1. Once the piece of chain linking Ala174 and Ala113 is laid out straight, how much longer is it, given 0.36 nm per residue of separation minus the C-alpha distance between them?
2. Considering amide H positions built from the backbone, and no H for Pro or chain starts, which residues 5 or more places from Leu190, or on another chain, come under 5 Å of its amide H?
3. Give me Leu55, Leu161, Leu236, Leu131 sorted ascending by neighbouring Cβ count inside 10 Å, so fewest comes first.
4. Quick one: work out the % antiparallel among DSSP beta bridges in the stretch 2-250, nearest 5.
5. Shape of the stretch 155-196 from its Cα gyration tensor (a ≥ b ≥ c, root eigenvalues): rounded if a/c is under 1.5, otherwise prolate when a/b > b/c, or oblate?
6. How many nm is it between the label spots at Lys186 and Ser151, if each spot is 7 Å from the Cα in line with the beta carbon?
7. Choose one answer from Leu44, Leu145, Leu64: the residue with the largest mean-square fluctuation in a GNM of the chain with alpha-carbon springs under 10 Å.
8. Once a ≥ b ≥ c are taken as the square roots of the eigenvalues of the Cα gyration tensor of the stretch 2-250, is the result rounded (a/c under 1.5), prolate (a/b larger than b/c) or oblate (a/b not larger than b/c)?
Amino acid sequence: MIDFHAHLDLYPDPLSVVREISSRGMYVLSVTTTPSAWKGTSALIQLGSRVRPALGLHPELAHLRSGELALFDEYLPQAMYVGEVGLDGGPEYKQHWQAQLAVFDHILRACKAADGRTLSIHSRRATSAVLDRLEAFQGAGTPILHWFSGSRRELERAVALGCWFSVGPAMLVAEKARGLVRAMPKERVLTETDGPFAQVDGESAKPWDAGRATAGLAELWNMPQPDVDMLLHANLRALVTASREAVQILEPASS
Ligand code: MN
């Protein structure tokens, strides 16, 4: 099972979530919302774990934390994954649009200069703007649009730009979102939860709720669930292989 967008550091008891992930043999990308959360999130991950940390600066925090971009640059050489980054065009964040753009551009430029990264990207109410920035910084890496909610035309443009998609349980309920998921290339889809922010049955999603997304994809694609599971793991392998070939990562100093 794969959760390619979870915020492990934001659970009340991250270590118990990490233990459950390990016992289930899950693959998890633990995104961060600020560069200062990178060290703590990295420290959660034990040797041999299938959890990977991502270095991020969330667009909803861009105007408050742009001072941490120096820290972003400092940690980037150790980070194979970048996220959560992107743009948010919602009414409550639109006033900070210029700060969001400055932060996202800085991050894409830095990733490009570092030969590319795998990026988990937020694009709520800002899909076209996110795609514009990805187009302006080609070579920044492989973009995975998390919880995609754009239009059909934006989806086609994202696919043409080489984007991947991480799909959570909530995207497999409403008919509009299901239509979008149906139009995504199967070989560029991964599952996610966005826990603990996203809800499943009125509670904070846990990484293992990604299984519900796998089940939803099986139904949508009319495939047996074990086959979908195999396909998703093959997708993840392809993504990781491609990023390893693209970039030489400096291992963080063991401490
Ligand atoms: Mn998130």
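1. On the way: separation 61, 0.36 × 61 = 21.96 nm, distance 3.93 nm.
Full extension of this stretch gives 18.0 nm more.
2. Under 5 Å from the amide H of Leu190: Phe165, Ser166, Val167.
3. Leu161, Leu236, Leu131, Leu55
4. Details: 2 of 25 bridges.
Once the DSSP bridges in the stretch 2-250 are tallied, antiparallel ones form about 10 percent.
5. Numbers: a/c = 2.28, a/b = 1.38, b/c = 1.65.
It comes out oblate by the Cα gyration axes.
6. 2.9 nm
7. The residue with the greatest mean-square fluctuation here is Leu64.
8. Rounded shape, in that the Cα axes give a/c under 1.5.
The numbers here are math on the coordinates, done by the rules we state, and not lab data. Only a predicted model underlies this, so the values are computations on that prediction, with no experimental measurement involved. Here Cβ is always computed from backbone atoms with ideal geometry, including for glycine, and neighbour counts include all displayed protein chains.
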